[in-house]
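Have a look at the structure below before the remarks.
The values are calculated or read from the model by the stated rules, or taken from the named source; none is laboratory data. Just so it is clear, the model here is predicted, and its values are computed rather than measured. Neighbour counts are summed over all protein chains in view; Cβ atoms, including those assigned to glycine, are modelled from backbone coordinates with ideal geometry. Areas reflect the complete protein model, heavy atoms only, side chains present, ligands, DNA and RNA absent. Shrake-Rupley method; radii C 1.70, N 1.55, O 1.52, S 1.80 Å.
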Amino acid sequence: MAPRSSSDRMPITRRHALYPILILYALVGLMFGPIGHQVSDDMPENRTHPYFPDQVWPYPVLAMAVLIGLGLMALIGQPLLQPGQPADPRAAIIPLPEWYFFALFQFAKVGPALITTILVPVGLVLALIFWPLLDIRLGPGIARRLGWREWPAPKRNGITGTIWIAGLAIIGALTLWSALAPQLCIPWPYNGPVCGA
């Protein structure tokens with residue numbers, strides 16, 4: 001085999017110091033296409049717009065809007081940011097849960113603690129998890145017992161819809177009773193009158 005002439009060899013081989021730069025340049029060309037050719041060259045002139053300033057100007061405007069909004073909230077909410085009364089360890093504290101637990105907090109007052117605080121909430125969570133399976137499995141049997149041809153489709157099922165709306169109404173009523181009417185007391189047979197939060 002005859003030795004190659006210098007014109008047949010590449011001027012930059014793998015051991016050359018500029019080889020990584022050449023590879024990087026080639027990869028950029030492969031990834032982004034031919035240099036000088038833009039996507040906008042193939043589009044009509046009325047569908048293009050320049051990058052600067054059209055793509056740049058909204059960001060400073062949005063940043064200023066956020067800063068102005070935060071400043072206004074700090075100005076308007078300044079009384080809320082003032083420190084309140086110092087903590088007094090001798091004061092009697094009535095613990096209250098967050099608002100999203102008000103219904104459970106109120107429900108815990110109406111019966112035995114084991115049932116209202118553990119069994120019923122666990123049962124509700126399990127019912128939420130297995131509700132689709134129960135609807136598919138038990139629904140057709142209930143429809144046969146009622147003499148229906150089929151169990152209604154999920155979005156048109158009046159029975160399950162009524163159960164869900166009644167459950168949400170009970171949760172809403174307990175939450176509103178606990179939050180808005182703490183002095184409202186209702187006589188209750190199990191443990192005497194039950195009051196709001």
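Across the range 160-170, computed HN-Hα scalar couplings (Karplus, 6.51 cos²θ - 1.76 cosθ + 1.60, θ = phi - 60°) run 5, x, 5, 4, 5, 5, 5, x, 5, 5, 5 Hz from first to last residue, x flagging Gly and Pro. If the elastic network links every pair of Cα atoms under 10 Å, which of TYR100, TYR59, TYR19 fluctuates the most in the Gaussian network model of the chain? Per the Cα network of the chain with a 10 Å cutoff, TYR19 tops the list. Working note: Karplus 6.51/-1.76/1.60 with θ = phi - 60° gives the range 78-91 the couplings 4, x, 6, 8, 6, x, x, 5, x, 5, 10, x, 8, 6 Hz, where Gly and Pro are set to x. Note that the range 52-172 presents 84 Å² accessible area per residue, ligands and nucleic acids not counted, probe 1.4 Å. For VAL110, no residue whose modelled amide H falls within less than 5 Å of its own remains once neighbours fewer than 5 places apart on the same chain are excluded. So, taking all protein chains as they sit and a 1.4 Å probe, how much accessible area belongs to VAL61, in Å² rounded to tens? Taking all protein chains as shown, VAL61 has close to 80 Å².
Computed about the Cα centre, the dipole magnitude for the chain is approximately 800 debye when only Lys and Arg (+1) and Asp and Glu (-1) carry charge, each at its Cβ.
Counting every C-alpha pair in the chain, the share spaced more than 31 angstrom apart comes to 66%. Among LEU114, LEU174, LEU30, the residue with the largest mean-square fluctuation in a Gaussian network model of the chain, with springs joining Cα atoms closer than 10 Å, is LEU30. Backbone geometry of the range 92-105 corresponds, through the Karplus equation with coefficients 6.51, -1.76 and 1.60 at θ = phi - 60°, to 3J(HN,Hα) couplings of 6, 10, 9, x, 10, x, 5, 4, 6, 9, 4, 5, 5, 4 Hz, x marking Gly and Pro. With coordinates expressed along the principal axes, the C-alpha atoms belonging to the range 109-197 extend over 50, 25, 23 Å, beginning with the largest.
So what is the calculated 222 nm ellipticity per residue for the chain, using -39500 (n - 2.57) for each DSSP H run with n of 4 or more, over all residues, to the nearest 500 deg cm²/dmol?
On the way: 6 runs with 93 residues, N = 197.
Per the formula, -15500 deg cm²/dmol.
Residues whose amide H comes within less than 5 Å of that of VAL194, counting only those at least five positions distant or on another chain, are ILE186, TRP188 (H built at 1.01 Å from N in the peptide plane).
Please find, in a Gaussian network model of the chain (springs between Cα atoms separated by less than 10 Å), the residue of GLN55, GLN106, GLN183 whose mean-square fluctuation is greatest. Largest GNM mean-square fluctuation: GLN55. In the chain, the longest principal axis of the Cα atoms and the axis of helix 58-76 are about 30 degrees apart. Helix 19-32 versus the longest principal axis of the chain: what is the Cα-based angle in degrees, 0 to 90, to the nearest 10? Between helix and principal axis, roughly 60 degrees.
Of the trypsin sites (Lys or Arg not before Pro) found in the range 69-142, the ones in coil according to DSSP and having at most 13 other Cβ atoms within 10 Å of their Cβ are ARG90. With respect to the chain, whose longest principal axis is taken over its alpha-carbon atoms, helix 120-146 is tilted by about 80°. When ASP54, ASP42 are compared by accessible area at a 1.4 angstrom probe, the order from most to least is ASP42, ASP54. Each Cα pair under 8 Å and six or more residues apart adds its sequence gap; the mean of these over the residue count of the range 47-197 is a relative contact order of 25 percent.
A 1.4 Å probe, protein heavy atoms only, puts the accessible area of ILE21 near 110 Å².
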